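Remarks on the structure that follows.
The values are calculated or read from the model by the stated rules, or taken from the named source; none is laboratory data. Note that the structure is a prediction, hence the values are computed from the model and not measured. Methodologically, a virtual Cβ is constructed for each residue, glycine included, from the backbone with ideal geometry; neighbour enumeration extends over all protein chains shown.
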Amino acid sequence: MNLSTPSTTLPARSLFHFAFHVTDLNEARRFYGGVLGCREGRSTDTWVDFDFFSHQISLHLGTPFPTARTGRVGDHLVPMPHFGLVLLLPEWQALADRLTAAGTQFVLPPQVRFAGEPGEQWTMFFCDPFGNPIEVKGFATLDQIFAA
């Protein structure tokens, strides 16, 4: 297969894989498995995989990447770099409720952005126990993700 030409047999949806550092795998299991509800996959003494809402994340022992609040989102500065995901609004609300019940300290609490405009979305920013920033967006319909 020519790798420079997209395959016509690729699935309509792709999954991402993201590997990053944490300092304690047991604490990572409590947060990603317990609080976020992610199913644990393979692991060794130095890393653990999770099903992060149908995507694969690999948490490796090490020093987490440095972040700074340099990303302007409306009137707020959010941590950069960060990663996250997009959920439909009912799943987003259930996760926001679960994070709130767990006492999560939000960088940006659950709220709506662009209300009544194309691309209306709900968002929240929080950090895992190691300072890795995560943004979760919620949309009423997925066709609004790239609305302009």
Subset of the range 102-122 [in contact with a helix residue (DSSP H, G or I) (Cβ under 9 Å, 6 or more places away or on another chain) and either of a type in the set (D, E, K, R) or over 27 Å from L61 (Cα atoms) (or both)] = P109, P110, P118, G119, E120, Q121, W122
ask   = Which one of the conditions (1) under 20 Å from L95 (Cα atoms); (2) in a loop (DSSP other than H, G, I, E, B) does D45 fail to meet, given that it meets all the rest?
value = (1)
task = Might you let me know whether the range 32-44 holds any residue that is surrounded by 13 or more Cβ atoms within 10 Å (Cβ to Cβ), touching a His at 6+ places or on another chain (Cβ under 9 Å) and not assigned by TED's automatic domain parsing to the domain that holds T100?
result = no
note = Picked from the range 2-46 (must be modelled with pLDDT of 90 or more and hydroxyl-bearing (S, T, Y)), the residue farthest from F106 (Cα to Cα) is T44
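Among the residues of the range 52-68, count how many are outside any strand (DSSP E or B) and either closer than 17 Å to M124 by Cβ or within 13 Å of the chain's Cα centre (by Cα) (or both).
The total comes to 5.
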ask   = Can you tell me how many residues in the range 69-79 are touching a strand residue (DSSP E or B) at 6+ places or on another chain (Cβ under 6 Å) and free of Cβ contacts under 8 Å to residues at least 40 places away in the same chain?
value = 5
key: Number of positions in the range 69-84 that are assigned to a strand (DSSP E or B), surrounded by 13 or more Cβ atoms within 10 Å (Cβ to Cβ) and not hydrophobic (A, V, I, L, M, F, W, C)   = 5
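Restricting to the range 111-128, name every residue that is more than 14 Å from the chain's Cα centre (by Cα) and either surrounded by 14 or more Cβ atoms within 10 Å (Cβ to Cβ) or on the phi > 0 side of the Ramachandran plot (or both).
Keep residues of the range 111-128 that are more than 14 Å from the chain's Cα centre (by Cα), which gives 111-121.
Result: Q111, R113, F114, G116, G119, E120, Q121.
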remark   = Expected single match for assigned by TED's automatic domain parsing to the domain that holds N132, closer than 24 Å to Q144 by Cβ and touching a residue at least 60 places away in the same chain (Cβ under 8 Å) among L89, L85, L99 is L99
ask   = Out of the residues in the range 89-115 that are in a helix (DSSP H, G or I) and of a type in the set (D, E, K, R), which is farthest from F53 (Cα to Cα)?
value = D97
